[in-house]
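Student: Before anything else, here's the structure in question.
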Amino acid sequence: MKKKTTKLLGAVLVAAMSMSVLAGCGKEQAGTSSSAAEVSVDDLSFPLQEKVTITGTISYPSGTEAEPNNRTIFKRLEEETNVHVDWTAISSDQWGDKIQLNMANKNALTDFVFNAGFSNSDLIRYADQGAIIPVEEYIDNNMPNLKAVFDKYPEYRTMCEDADGHIWALPWIEQLGANKTAIQTVGNNFTYINKKWMDFLGLETPTTVDEFEEVLKAFKEHEADLQSEFGIEGSIIPMSCIMNDQDPSLLINGFGEGYGDNDIGQHIAVTDDKKVICTAVQDGFKSGMQWLHKLYDEGLIDPECFTQDWSTYVAKGKSHRYGVCFTWDVANIDNLEDFVPLAALKADTKNVTPMNGSFTSGFDRGRCVVTAKCDNPAFVCSWLDLMYDPFQSPQNNWGTYGEDDEFDIFELGQNDKGEKMLKHAPLGDASPVEVREAEAVGGPLAILDEYYGVYVTCPDDAQYRLDWIKEYYTDDMHCKYVYPNVFMTAEDTEKLTTIQTDLISYINSSRSNFVMNGLTDAEWDEYLKQVNAYGLDDYIAIYQKYLDEFYK
């Protein structure tokens, strides 16, 4: 979270740093200005008769193509529209810092920010600073594709609006399943266990935390056997993760009343009587942390789990060293053949708390913004609306067809009506995330459930994840509610952000400390005092206020 500084000093420093960064970032700085000011949107149709240039800022995955216009998707869009985008491209691993500097310097703004990923507080701050403009007028008048989505699913428009009815950003929407079967109900803490190892050692799939511990011990005790049988180089790691990211929070859902601590960004859940609670202060959280420490103390958890990054985590996984790991899709870590999902484990109870916001499927409120620098927002929004075309959105989200390399996310085919349709191509041994990062462009888009079988097939990896959620987790989702997507006022967002800056950092660092070093009753009491000192009551009250309003 961003810390506050004295306004005058902060403004001077930000302006100076902005100019410094922009002066030295080469291709990251847009080279031409927009030429769209005089384009009329009356009876607008693409392709334009004469080429027009607009400017945009975009992030791209580090290690992939750095020039957006070299990507097939943007090449096709330019051919089909006669609109050229002069991009300011920033690597994703530098995005957080550089986009803040760019947004703070109005001279550095492009017409729009394509992969903004802005939080509520970001949107409110940039709106107050006059860096971005509201777009509801342009949605209604110049964006028929997005307006059609809002008309059919008005909840998405409501989730985009602030308290005054303004829409400050264009959303990303991905429907895959609904309610307790939605693909987002279980996030990056999806638990995978090595079935090949269990079969070799004659082990049954664990159903309780005690059985799980015994399986991990068996993996450790038979290290030499596993290495010899499967040709594994390097030590066996019974369980690995990235704490406070792809971590074992799902495993502790069975302790106490079963809330777990799946929402590691907010640490909240909603009870069946519509009360917001902090999951990280529940008795079940305490017991779960103590149990995880027991596993760690027994050498069953990867000691690098507190410090390793994604590349290290994957490298060890690709060496086939894991007995249990946590991630969105195990194919990105190891392979699908050796691993199976692990259902919720019983401790005091058996439960899965779905991710907050997941019942309305995938949604990012702050995906794309139009800036105050834009001279013709109606035209720019008309172009951005093409991203919401039902045939375009799946390509932006996942990738495309007809690439020059060996990878293709899609094959161009036909649906039952003989209309063009994107059919997912087999990935073979390729990692789904790596292929998508190489082809997709992200940005604002909408993929609705009714598009599958008409405009696009459901991705294989999404389909098996949807099937797994139904098979392994949905029946154990006993709660009635998850916290919905809400857009808070500037005042409440500022209050919440101020509290979260210290509170969430303290909770997450404490989680790592508890797993590594253990947790006594005295330490728990001290932890609760500190959490309360950071403003937990006010934190919960703000969330409760908007939950009550949502269910009015």
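The values are calculated or read from the model by the stated rules, or taken from the named source; none is laboratory data. Since the model is a prediction, treat every value here as computed from it, not as a measurement. Here the Cβ positions follow ideal geometry from the backbone for every residue, glycine too, while neighbour counts run over all protein chains shown. Accessible surface areas use protein heavy atoms only, side chains included; no ligands, DNA or RNA. Shrake-Rupley method; radii C 1.70, N 1.55, O 1.52, S 1.80 Å.
Student: How high is the relative contact order of the chain, in percent, counting Cα pairs under 8 Å that sit 6 or more residues apart?
Tutor: 22 percent.
Student: In terms of Cα to Cα distance under 15 Å, which aspartates and glutamates are near enough to Lys51, apart from those fewer than 8 places away along the same chain?
Tutor: Glu38, Glu78, Glu79, Glu80, Asp86
Student: Given a Förster distance of 51 angstrom, what is the FRET efficiency for Ser509 paired with Asn69, based on the Cβ-Cβ distance and rounded to 0.05?
Tutor: 0.75
Student: Here's another thing I want to ask about it. Thr55: net charge of surrounding residues, Cβ under 12 Å, Lys/Arg +1, Asp/Glu -1, itself excluded?
Tutor: Around Thr55, the surrounding residues sum to -2.
Student: Pop the C-beta distance of Tyr464 and Trp310 into the FRET formula with R0 = 22 Å and round what comes out to the nearest 0.05.
Tutor: E between Tyr464 and Trp310, to the nearest 0.05, is 0.50.
Student: Any idea what the relative contact order of segment 410-552 is, in percent, if you count C-alpha pairs under 8 Å spaced at least 6 apart?
Tutor: So the answer I get is 20 percent.
Student: Further question: Suppose all protein chains stay in the model; what accessible area per residue would a 1.4 Å probe give for segment 231-363, in Å²?
Tutor: Result: 33 Å² per residue.
Student: For Asp140 and Glu549, what does the FRET efficiency come to when R0 = 30 Å and r is the distance between their Cβ atoms, rounded to the nearest 0.05?
Tutor: 0.75
Student: Another question, then. Within a Cβ distance under 12 Å of Ser249, other residues only, what is the Lys/Arg minus Asp/Glu net charge?
Tutor: -3
Student: Give, as a single signed number, the net charge of other residues whose beta carbon lies under 12 Å from the beta carbon of Pro426, with Lys and Arg counted +1 and Asp and Glu -1.
Tutor: Around Pro426, the surrounding residues sum to -4.
Student: Enter the accessible area of Val482 (Å², nearest 10), with the probe set to 1.4 Å and all protein chains included.
Tutor: 10
Student: At q = 0.10, 0.11, 0.23 Å⁻¹, what log₁₀ I(q)/I(0) does a Debye calculation on the Cα points of segment 40-154 give, no solvent, two decimals?
Tutor: After summing over all Cα pairs, the log10 values are -0.38, -0.46, -1.36.
Student: Which value, in nm² and rounded to one decimal, describes the direction-averaged projected area of the C-alpha convex hull of the chain?
Tutor: Projected over every direction and averaged, the Cα hull of the chain covers 26.5 nm².
Student: So, one more: What distance in nm separates the simple spin-label points at His478 and Asn532, each placed 7 Å from Cα in the Cβ direction?
Tutor: 2.8
Student: Residues with amide H under 5 Å of Ile268's amide H, sequence separation 5 or more or different chain, H placed in the peptide plane at 1.01 Å from N; which?
Tutor: Distant-sequence amide H within range of Ile268: Asp263, Thr279.
Student: On to the next question. When the accessible area of segment 196-243 is split by element with a 1.4 Å probe, what percent falls to carbon and sulfur?
Tutor: 42
Student: Nearest 20 debye, what's the magnitude of the dipole of the chain about its Cα centre given +1 on Lys and Arg Cβ and -1 on Asp and Glu Cβ?
Tutor: Dipole about the Cα centre, nearest 20: 1180 debye.
Student: I'd like the accessible area for Arg76, computed on protein heavy atoms only with a 1.4 Å probe and all protein chains in place. Round to 10 Å², please.
Tutor: Counting only protein heavy atoms, Arg76 exposes about 50 Å² to solvent.
Student: With every protein chain kept in place and ligands, DNA and RNA left out, what is the accessible area per residue of segment 399-449? Probe 1.4 Å, answer in Å².
Tutor: Result: 51 Å² per residue.
Student: Above 21 angstrom, tally the Cα pairs of segment 238-373 and express them as a % of all pairs, no decimals.
Tutor: 50
Student: Note down the nm distance, to one decimal, between modelled labels 7 Å out along Cα→Cβ at Ser119 and at Ser92.
Tutor: 1.9
Student: Report in % the part of the accessible area of segment 370-484 that belongs to carbon and sulfur, leaving out ligands and nucleic acids; probe 1.4 Å.
Tutor: 45
Student: Could you check the spin-label model distance between Glu419 and Asn179? Points 7 Å from the Cα along Cα→Cβ, value in nm.
Tutor: Label at Glu419, label at Asn179, 2.9 nm between them.
Student: Roughly how many percent of the accessible protein surface of segment 273-313 is carbon and sulfur, given a 1.4 Å probe and a whole-percent answer?
Tutor: Looking at segment 273-313 in its full context, I get 47 percent from C and S.
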